[in-house]
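Here's the structure, in structure tokens; my notes come after.
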Amino acid sequence: MKAASAKSNNSSIQSTNTNDLTCIVAKGTTIEGTFKSTQNARIDGKLIGTILCDQKLIIGVSGEIEGDIITNAALIKGTVNGTLKIKSNLTLDTTAKVNGTIETSSIEILEGADFKGTCSFSK
């Protein structure tokens with residue numbers, strides 16, 4: 001599946017303003033397979049499969065991922081079971097529940113986040 005494409009000039013990973021996002025998968029939506037986006041994306045629904053995002057990815061509080069994530073940067077507020085390969089910065093917010101393997105160059109884990117698994121760092 002390919003996400004809709006549009007330009008976004010805001011580069012703040014902490015932003016959850018929907019105007020900064022190109023593609024939003026709404027709560028109540030389930031996607032199975034590979035989700036690809038060349039721009040920023042937010043997942044508030046459920047995805048079973050692989051996420052490939054060239055920019056920033058936000059997994060909202062209601063977001064559930066069963067599979068792998070490969071992206072430039074990510075803010076996780078929901079649930080992820082799988083492997084996360086984040087090229088730059090990863091933030092696990094207070095509501096995040098991550099079970100799996102993380103590969104990143106930078107991570108911030110906020111108090112309250114639940115992480116079970118392994119984490120390795122690369123440049």
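Key figures
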{"item": "Listed peptides 64-70, 28-34, 75-81 by packing density, highest first (mean Cβ within 10 Å)", "result": "75-81, 64-70, 28-34"}
{"item": "Partners for residue 46 among aspartates and glutamates (Cα-Cα distance below 14 Å; same-chain residues under 8 apart left out)", "result": "32, 64, 66, 68"}
{"item": "Among the listed pairs 36/123; 36/77; 87/116; 56/77, those beyond 18 Å (Cα-Cα)", "result": "36/123; 36/77; 87/116"}
{"item": "Whether the range 84-123 is rounded, prolate or oblate, judged on the alpha carbon gyration tensor where a/c under 1.5 counts as rounded", "result": "oblate"}
{"item": "Rounded, prolate or oblate (a/c below 1.5 giving rounded, otherwise prolate when a/b exceeds b/c) for the range 18-111 by Cα gyration tensor", "result": "rounded"}
{"item": "Spacing of the two label points (7 Å from each Cα toward its C-beta) at residue 97 and residue 27, in nm", "result": "1.5 nm"}
{"item": "Rounded D (µm²/s) - the range 52-106, Kirkwood Rh over Cα pairs, Stokes-Einstein at 37 °C, 0.692 mPa s", "result": "308 µm²/s"}
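Laboratory data are not the source of any read-out in this text; all were calculated from the coordinates shown. Keep in mind that this is a model prediction, so the values were computed, not measured. For neighbour counting, all protein chains shown are included, and Cβ atoms are generated from backbone atoms with ideal geometry for every residue, glycine included.
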